[in-house]
Amino acid sequence: MIKRKEILTSVAIKKQSRVPGVIITQCVEHLPLGKSTPDFIRKPLATTVQEGKKAALKAMVSGEPVPTVTWERNKGEVNDQEKYKTRYDERAREHILEIPNVKLDQADSYRCFATNEYGKAVCTTTLTVTEGKEQIYYENILLFFFPSVVVTRKKQLPPMKEGEIDPKLWELLLSAPRKDYEKICFDFGVTDFRWLLKRLNQMKKEREDEQAKVVEKLDDVKQIEVKPGGRAEFSLNMTLWDPNSAINLYKDGKYVPYGDDENSNPSLKKTGTKYVFSIKDPQPEDAGFYQLDVDEANVLTTDFQVPAVEFIAKIKDEKAVESEDAIFQCVLSTPLNRITWSRRDSSLEHGDKYEITVSEDKLIHTLRVKDCKMADNGAYYAIAGITSSTASLTVEGGFYHCIPFLILKKLSCASLIFPPFISHIHFLFVDSDIVLHYQMYMTEFFIISKILLLTVADRGVQFVSGMSDTVANIGERAELSCKLSSDASEGRWYKNGKLTNEDGVTIIKDGACHRLKIDCCKRDDTAVYRFEAEGRKSEATLNIQDPPKIDSDALGKFTKPVIIKAGDNAQWKLPFSGGAPMNIQWYKDDEELLPALHVKIETSATESQLRLTKCQRKDSGEVKIKIKNEFGTTEATSKLIVLDKPTQPQGPVDIVESAVTSIEFKWKPPKDSGGCPITNYIIERQQLGRNKWTSLGEIFGNNASYKDSDVDPGRRYCYRIRAKTEEGISDYLQTDDIAAGVLRYPGTPTAPKVVNAFKDCIHLTWSPPCDTGGTKIVGYNLEKNKKGTNYWSLVNQGGPITDTKYAVKDVFEGAAYEFRVSAINLSGAGDPSIPCDTVIARDPMIRPKFKDRNMKTFVVVRSGNTVRLNVNFEACPLPEISWLKDGIPVPKHVTITNSDKGSQLLIPTSERSDTGVYAITVKNLVGQESFNVEIRVTDNPKPPGPVELDENIPGTVTLSWLPSPDEKRDDRLHYMVSKKDSFKPTWRTVADNLFNYKFTVVNILPGWEYYFRVFAKNDMGLSTPSESPFLVNMPETKCLDFQSPPAFIVPLKRRIAPQGYECHMSCAVKGDPAPRVTWYHNNISLNTNTNYHITNTCGVCSLLILRVGAKDNGEYNVVIENKLGTAECSTILNVRGINL
């Protein structure tokens, strides 16, 4: 190796080389006459050499004096004379670096330096070393002698042939989204890729069919990119049918092992359905053609290129003001079609926000960030190969300051002085005053002391808003408008300089607004329109366009699908209108149709026709016409459906069952049904060793499976399957040889288990055998053995039991039995199970219990009606049933009907004497259960006696009445009082649940007429009322002292209540001030007990017990007290139905 000469310079001037990728540095400020810096006439080319071969890197240089050429490599030295040789070929004037015997570890980036006393030039190239034939031969030897050794090598792509497309291009296009087709093709030198689409679509369908076998869903495929963090990544979203499917990564056809942790290189990171493959710290040797396979199906292909490139000029930090653009630019040492611009691990795409451009020599790459916002702050990356450059963007906010409005009076003269930083001035005229409003834009803060010295004169009418250029279509409406500063101003409209007075043109003046309307635009309405008023004018251009149009009826006919049979012709015709010239294009599945042997296109000025001849099934698809002129584009879409016979059913054929007496198999429907639904499948069979095919008939098309029940055990059969539609019969799908099963019996089920036993039935259950004998279980045989005999008899005489449970009814009460079960498959019945434990046929012992949880405990019946009580119970053995009324046997006229599951009490015609508590007792050997129900036989009560009124206290009236005659026969009878006055003619209830014969009504107003009613009330309802009118004429009252000690007006009454029912007690008290009332039960205060409802309304004190129990039996006291004294009243509550 020749060492480089060190150059001591005081300057370093970068110069542009004529050869892309060459960096020239000039080390003197001025070159002497006739001298020059080094440069490359031809730089070394990237070279690929097979291992063991000779490699040569060649370069031609220029410069005066003649430069010295040296070589370096990125990883390692080139000073080993046995491995590296440098020489100069004088005839070819080439400097050569030779490597006689290339090894894999010598693949690297190599730099060539040309140096003289005035500067130096440098360029980079890449040496790639591929595996030699010896390695492949060695792998083949391993595979032959050691089959267990896995050679992880993928089938290589075919080599590129001259004049054909590189197979790598096809593979990349199959994995790339449509938007990336252009740049991928450009990398391979293909500038027009539209002619590739048809074949590409066909290849994609085939690839998708392969992927569908192992992948349920595949999307969001991203090609490999180097990220700002230094990793090279490619990713995809993928849902596998089988999560255990093998995922293999290949590079240049050779398997690449990977791990699932961050330290692995390469590594796989899986998050949900997203798979990300990354290469940590990529190097030139990582470059290659990567393919990702799931089992045998390829799901992603990407090409990782590592060009030998450096940044001559890196991107620099930028500052920009909001709404302005920011530009990043870098210069490369080697021409590249594109580099990756990135931000926060996301690549930037050319579009509305970012503009990415490349110079003609492919060395200068530029990123423009448009309309900068605060969100655009941050780091930006330029990535070329595995080399990156970073810079930051700082977006500063703009400062817009508005000086307040200045109101200026009209003056005789005007002089206006503006400072240079004022950029926008707006004048607004308001009557005789002028409002001056101006804005200024400042990049730094500063103080304004004196800004304006101005006087302004009156300028007359002005345009507040002028006209704007307008575009309209033929036949549509158009409008031009402007607004003046004065409502009184008149004006005129001009078209191309002439006053406009045409038909169809409407001129409107609305205050200061002036409008010109054209209701139906014509082509000659295109013109320059001007509005003038008092010497002021505003003008705008109206452009009338005539875009393509399609009649709606013709469009409706065109969009209907065209359905033909294979071999027939298809035709579309579509009339149109619009401005000439028209450009008509026909498309089939997004591919443009051009006139050809089977494609006929005829187009006139108003119509276009497409005719496709001798159509085949593959021609089915979307047909589209695109009509375009200078004013716009319109499209119409139709559909072509070509009917043909179906393709053959799809394999492989899956064997569902291969039994002794039957063979069952299934297949997949045809990939293409020919446009018609499958009606039937035709099945044929051939026995192995015979030439004859036998028709087995047809099955419905919705069932892609067949069961052949006419087979001999052990024989082999072959089947043909054809699909049938209205258009014909498909080719056949032939199965492999399928062998019928041999006799193999199932294993033994588990011993039967007794679920329950009765005197006439025993319920059993068991589990299926673990060994089914290779075929499905068709049923079971159940056998029984009566204890004390050796004979086993078959229980299921009517055929096999299909379930794993059975109810044995052929048993004798009190007898002991054993049971065993055997399984049956297509070969026959297997061995029986071990017997179950001995079971005796007898009913279980069940303690009596009532089934109905919602049985009523209280029943009210009108006297004379029928009483019917049904009580359901469960008991075993059969119980004894007894009914009692109030503790004694029921009367003879009461009918009792018993069964093994219930009992009924029936009173055909009830009387009041039938009222009482009826108790049913169900008793057997296990225990007994009782239930009580109270039956109350009653009728509507008779009314109380006459009502008397007493006005003892002003503002109140005390009512008293005689008791109802039914009170002695009904202890639940009580009274209700209603009131009606002369002001409100409706009856209102003022008291209820009264068990005494007096009540005081309060709030009686003087001079009003009142009516009162008293009702007797029981469980059946209300009696007729006892009424009494009353007129109050109250004299004037004097202020008197009404204070009095507490006293009982109506005392408590003795109460008897049935257990479980409510009980109501009340009394009336008086006293001023109103006395405090306290209730006691057995000398315990009840006022704070939530089990009792206590009220005090206008002196009527009530206690309500919601559900009377044994604990409520006893003495109740009411104590009333105020500051003048104390009074007490007591009563006894007897609870009926308890044993004291």
| field | Charged-residue dipole, Cβ positions (Lys, Arg, Asp, Glu), the stretch 696-742 about Cα centre, Debye nearest 20 | value | 120
| What shape does the stretch 30-84 take by its C-alpha gyration tensor, where a ≥ b ≥ c are the square roots of the eigenvalues and a/c under 1.5 counts as rounded, a/b above b/c as prolate, and the rest as oblate? | prolate
| task | Using only the C-alpha atoms of the stretch 555-616, find the volume of their convex hull and express it per residue in Å³. | result | 94
| query | Near residue 666, which aspartates and glutamates are there with a Cα under 16 Å away, not counting those fewer than 8 places off in the same chain? | reply | 654, 657, 684, 698, 708, 736, 737
| Label-point separation, residue 702 to residue 813 (7 Å along Cα→Cβ), nm | 5.4
| request: Any chance you could look up the accessible area of residue 524 with a 1.4 Å probe, heavy atoms only, rounded to 10 Å²? | output: 100
| said: How big is the dipole moment of the chain about its Cα centre under a simple scheme where the beta carbon of each Lys and Arg is +1, that of each Asp and Glu is -1, and everything else is neutral? Debye, nearest 20, please. | reply: 1200
| Quick one: with all protein chains in place, what share of the accessible area of the chain is carbon or sulfur, to the nearest percent (1.4 Å probe)? | 50
| note | Averaged per residue, the 1.4 Å probe accessible area of the stretch 657-742, protein heavy atoms only, in Å², is roughly 52
| Exposure of residue 371 as accessible area (Å², to 10), given a probe of 1.4 Å and all protein chains | 60
| query | Which entries in the list 204/560; 557/600; 588/626; 498/522; 614/668 go over 22 Å, if you measure between the two C-alpha atoms of each? | reply | 204/560; 614/668
| query | Just from its helices, what would the mean residue ellipticity at 222 nm be for the chain, if runs of 4 or more DSSP H residues each count -39500 (n - 2.57) and the sum is divided by every residue, rounded to the nearest 500 deg cm²/dmol? | reply | -1500 deg cm²/dmol
| task | Could you pull out every one of the lysines with an alpha carbon less than 19 Å from that of residue 1053, ignoring same-chain neighbours closer than 8 positions? | result | 968, 998, 1017, 1070
| query | Can you give me the relative contact order of the stretch 997-1140 as a percent, contacts being Cα pairs under 8 Å and 6 or more apart? | reply | 24
| request: Find the accessible area per residue for the stretch 1072-1132; the probe is 1.4 Å, ligands and nucleic acids are left out, and the unit is Å². | output: 55
| task | Scan the stretch 615-722 for GluC sites (Glu not before Pro) in coil per DSSP, keeping those whose Cβ has at most 15 other Cβ atoms within 10 Å, and list them by number. | result | 630
| task | Name the residue farthest towards the positive end of the dipole of the stretch 993-1140 from the options 1046, 1022, 1124, assuming +1 on Cβ of Lys and Arg, -1 on Cβ of Asp and Glu, about the Cα centre. | result | 1022
| request: Once you've got the Cα coordinates, tell me which of 707/786; 639/707; 179/251 are over 31 Å apart. | output: 707/786; 639/707
| Overall Cα dimensions of the stretch 461-543 - principal axes, largest extent first, Å | 35, 22, 21
| query | Which shape class, rounded, prolate or oblate, goes with the chain when its Cα gyration tensor gives a ≥ b ≥ c as root eigenvalues, a/c under 1.5 marks rounded, and past that a/b bigger than b/c marks prolate? | reply | oblate
| task | Give a quick list of GluC sites (Glu not before Pro) in the stretch 519-567 that DSSP marks as loop, anything other than H, G, I, E or B, with at most 15 other Cβ atoms within 10 Å. | result | 534
| message | Probe of 1.4 angstrom, ligands and nucleic acids ignored: what's the accessible area per residue over the stretch 261-392, in square angstrom? | response | 48
| request: Could you list the chymotrypsin sites (Phe, Trp or Tyr not before Pro) in the stretch 949-984 that lie in coil according to DSSP, counting only those with at most 12 other Cβ atoms within 10 Å of their Cβ? | output: 983
| task | First check a/c for the stretch 346-389, with a ≥ b ≥ c the square roots of the eigenvalues of its C-alpha gyration tensor; if it is under 1.5, answer rounded, and if not, answer prolate when a/b is larger than b/c or oblate otherwise. | result | oblate
| Ranked from highest to lowest mean number of other Cβ atoms within 10 Å per residue, what is the order of the peptides 776-783, 576-583? | 776-783, 576-583
| field | Nitroxide proxy distance, nm - points 7 Å out along Cα→Cβ at residue 1132 and residue 373 | value | 9.3
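The values are calculated or read from the model by the stated rules, or taken from the named source; none is laboratory data. What you are looking at is a predicted structure, and each value in this text was computed from that prediction instead of being measured. Cβ sites come from the backbone with ideal geometry, for glycine too, and all protein chains shown count toward neighbours. Please note that ligands, DNA and RNA were not included when accessible areas were found on the heavy atoms of the full protein model with its side chains. Shrake-Rupley method; radii C 1.70, N 1.55, O 1.52, S 1.80 Å.
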